[in-house]
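Notes for the one structure printed next.
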Amino acid sequence: MSDIQELETQKAELQKVVDLRDLILKLSKNHDFRKVIHEEFFLNEAARNAGIGGDPALDENQRKDAMQMSMAGGHLKRYLSANVMMGNQAQSTIIQIDEALEEIRTGEID
């Protein structure tokens with residue numbers, strides 16, 4: 001595979017990361033998404049499950065399940081944040097790849 005083909009392949013893969021980032025950012029601006037995910041899931045559902053996790057009337061497995069569910073919002077929040085950061089880095093790398101491709105192509109013309 002030539003240098004150009006390798007860079008184009010890498011760029012296409014990075015673009016997928018950027019596209020995912022863009023979707024996450026678009027969702028985060030959506031009022032309904034913020035209401036359902038940020039308010040209801042991240043806050044209310046996590047608090048409800050944490051409360052259930054401390055209920056001595058439940059058996060150990062039920063409390064354990066509730067505590068794990070209370071952490072689900074944190075995992076989703078971290079997933080979204082990590083993908084935004086990776087998308088930002090991918091966008092920067094795409095710019096570098098475009099510059100490298102331009103240099104290679106300019107060199108081939110000479």
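The values are calculated or read from the model by the stated rules, or taken from the named source; none is laboratory data. Every value quoted in this text rests on a predicted model; they were computed, and no experiment measured them. As a convention, Cβ positions derive from the backbone with ideal geometry for all residues, glycine included, and neighbour counts pool all protein chains shown. Calculation scope for accessible area: heavy atoms of the full protein, side chains included, ligands and nucleic acids excluded. Shrake-Rupley method; radii C 1.70, N 1.55, O 1.52, S 1.80 Å.
Per-structure values
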{"item": "Residue in segment 37-44 that is open to solvent by less than 70 Å² (accessible area, probe 1.4 Å), aliphatic (A, V, I, L, M) and under 30 Å from I104 (Cα atoms) present", "result": "no"}
{"item": "Residue match in segment 8-15 (condition: farther than 21 Å from N83 by Cβ, in contact with a helix residue (DSSP H, G or I) (Cβ under 8 Å, 6 or more places away or on another chain), touching a residue at least 24 places away in the same chain (Cβ under 8 Å) and open to solvent by 60 Å² or more (accessible area, probe 1.4 Å))", "result": "yes"}
{"item": "In segment 57-80, residue least open to solvent (accessible area, probe 1.4 Å) [restricted to those that are of a type in the set (K, R) and within 15 Å of I24 (Cα to Cα)]", "result": "K77"}
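Matching residues to (1) assigned to a helix (DSSP H, G or I); (2) under 28 Å from D3 (Cβ atoms); (3) of a type outside the set (D, E); (4) at pLDDT below 95:
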{"site": "D55", "(1), (2), (3), (4)": "no, no, no, yes"}
{"site": "K64", "(1), (2), (3), (4)": "yes, no, yes, yes"}
{"site": "S70", "(1), (2), (3), (4)": "yes, no, yes, yes"}
{"site": "G73", "(1), (2), (3), (4)": "yes, no, yes, yes"}
{"site": "L80", "(1), (2), (3), (4)": "yes, no, yes, no"}
{"site": "A90", "(1), (2), (3), (4)": "yes, yes, yes, no"}
{"site": "D98", "(1), (2), (3), (4)": "yes, yes, no, no"}
{"site": "E103", "(1), (2), (3), (4)": "yes, yes, no, yes"}
{"site": "G107", "(1), (2), (3), (4)": "yes, yes, yes, yes"}
